Amino acid sequence: MAGGRDFGMRAALATAVTSVFGPRAWVRREPWAFVLGVTGGLAAMVLAAQVRIPVLGTDVPMTLQSFGVLLVGFALRPPQAVTAALLYLSCGVAGLGVFAAGSTGLFGPTGGYLVGFVAASWLVSRLTPRGRSQPVSFVRLLAAGAAGMVVILAFGVAGRVPALGGDVGLAIQTGLLPFVGKSVVELLLAVSLVTSLRGMRRAFPGTVPMNRFGGFRS
């Protein structure tokens, strides 16, 4: 009886993990693809953070980090996307200078956005259609990306509230409102880029083998 219960618990755990992160057989089958995908995702996030434009009236700068997170979520499967985001945060905490210039880091007033990158990378990846049974469309990608953007902004505002003495209104004024338009532009650019790559892959098979690294199939 004890053995049966243990087997049932292991099966339930495996089902839960699969429901969150997706099937893992491809990771065991092609570990090199997993590593390359994570490395590419980390590089995208680091490069996106190097674009920094100060915003009047707030200490939160405009960067392309959300754009990078969306691309990571679209292109990689959940385990890869989350791993890339966690590595990005780990490199920043270790002082490797991967965060945007002038960033106060994970424990500063903009740290909520950084935590949001991890949650958003998983959510976007999980919602992105993959495989022939889930055809990719502009609308479905737009919905996945929009959900990710909402998560990033929500985490960012929530992280600012304690730093601003619990002033929720000020946190929204300085951490959300100045970035709504920018977030919409980033979302549209990311979705347009991904759909363009999908079209290129259909027109020139083999030129964009995203499925080998965990991405969607066209």
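The values are calculated or read from the model by the stated rules, or taken from the named source; none is laboratory data. For clarity, every value in this text was computed on a predicted model and none was experimentally measured. A quick note on method: Cβ atoms are made from the backbone with ideal geometry, for glycine too, and the neighbour counts reach across all protein chains shown.
Suppose we keep only residues that are over 14 Å from the mean Cα position of the chain (by Cα) and buried (at least 16 other Cβ atoms within 10 Å of the Cβ) within region 26-47. Which one would you say is modelled with the highest pLDDT? The extreme case among them is 34. In region 52-76, the residues that are in contact (Cβ under 8 Å) with a residue 24 or more places away in the chain and assigned to a loop (DSSP other than H, G, I, E, B) form Cβ pairs under 8 Å with partners that are among the charged types (D, E, K, R) and surrounded by fewer than 24 Cβ atoms within 10 Å (Cβ to Cβ), at six or more places apart or across chains, as follows: 61/52. Taking the conditions (1) touching a helix residue (DSSP H, G or I) at 6+ places or on another chain (Cβ under 7 Å); (2) within 17 Å of residue 112 (Cα to Cα); (3) not aromatic (Phe, Trp, Tyr) in turn, residue 79 satisfies each one other than (2).
Under the condition of being closer than 18 Å to residue 187 by Cα, surrounded by fewer than 21 Cβ atoms within 10 Å (Cβ to Cβ) and either at pLDDT 95 or above or of a type in the set (Phe, Trp, Tyr) (or both), the residues counted in region 48-87 number 0.
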